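Participant: Handing you this structure, nothing more for now.
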Amino acid sequence: MTLLVGSDPALADALGAAGPVLVDVGCGDGRHTVRWAQRRPDALVVGLDAETTRLEKTLASVRKKRLRVLFVGAAAERPPEPLRGRAAEIAVVMPWGSLLDGVLGGDPAVLRAVLALGGPGATLEAVVNVRPWDAPDSVDRKLAATPEPTDEHLAGLVEAYAGLGWELRPDGWLTDAEARALGSTWASRVVSARASRLLRLRATGPR
Ligand SMILES: C[S@@+](CC[C@H](N)C(=O)[O-])C[C@H]1O[C@@H](n2cnc3c(N)ncnc32)[C@H](O)[C@@H]1O
């Protein structure tokens, strides 16, 4: 039961028996999720993504290495009920589409749903690729609608998080080495292609 659909009752059972739960939202092929689980054997790591067709290799390695990882197929806007309020830590690595609109754009429906995954005092760490404004010729369609993270935009985003009870701290740019160390397929790809400027956002939820 390493891969579940969001409505599967086995998820509530697994979460009930777990200690700390870490949720990787928009986990993609799950490489970053697995890296996280290797670093945190004390925790159950849940990879959540609307699209779960790229997980095949990762599922095989999770089973072989007996890691405490579960993947759940669901949109961030409609996460499975048992996950709500359950995460001690939330990661969002290299989001695109509506997930990027939520964590960097401040889209209230998506942001509210992502932050609602957190339990008391939960933390969120997001790494977003903001390269397109520097390189208009290489604008990725899925990143194109996202606002440029100017100081003014980030100040508004701090307010949007604060409105949901979260304290947001934009935390600067990742070096190439830091980006590669994430274990994220997308981060490694954009660093290799020199098509990246990766901004880290950290946030802490209400106690
Ligand atoms: C560029 S990929 C990054 C995947 C992975 N985090 C990584 O670093 O390799 C962006 C991922 O976000 C997921 N995503 C985008 N919007 C989403 C949403 N609203 N709910 C769930 N997943 C979403 C996509 O399906 C995709 O897998």
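Only the coordinates and a few stated rules stand behind these numbers; no lab work does. Please read all numbers here as calculations on a predicted model, not as lab measurements. A quick note on method: Cβ atoms are made from the backbone with ideal geometry, for glycine too, and the neighbour counts reach across all protein chains shown.
Participant: Count the DSSP beta bridges whose two residues both fall in the chain, then state the antiparallel fraction as a percent rounded to the nearest 5.
Facilitator: That works out to approximately 35 percent antiparallel.
Participant: Let me ask something else about it. Pop a pseudo-label 7 angstrom from the Cα along the beta-carbon direction at both Arg194 and Arg39 and give the gap in nm to one decimal.
Facilitator: Roughly 2.8 nm, to one decimal.
Participant: Which semi-axes, in whole Å and largest first, does the equivalent ellipsoid of region 3-204 have when worked out from the alpha carbon gyration tensor as the square roots of 5 times its eigenvalues?
Facilitator: Its equivalent ellipsoid spans semi-axes of 26, 20, 15 Å.
Participant: A further question on this structure: With each pseudo-label sitting 7 Å past Cα toward Cβ, what's the His153-Arg63 distance in nm, one decimal?
Facilitator: It works out to 4.2 nm between the two label points.
Participant: Under a crude label model (7 Å from the Cα following the beta-carbon direction), how far is Arg112 from Arg84 in nanometres?
Facilitator: Taking the simple label geometry, Arg112 and Arg84 are separated by 1.1 nm.
Participant: Please state the relative contact order of the chain as a whole percent: Cα pairs under 8 Å, 6+ residues apart?
Facilitator: Here the relative contact order equals 21 percent.
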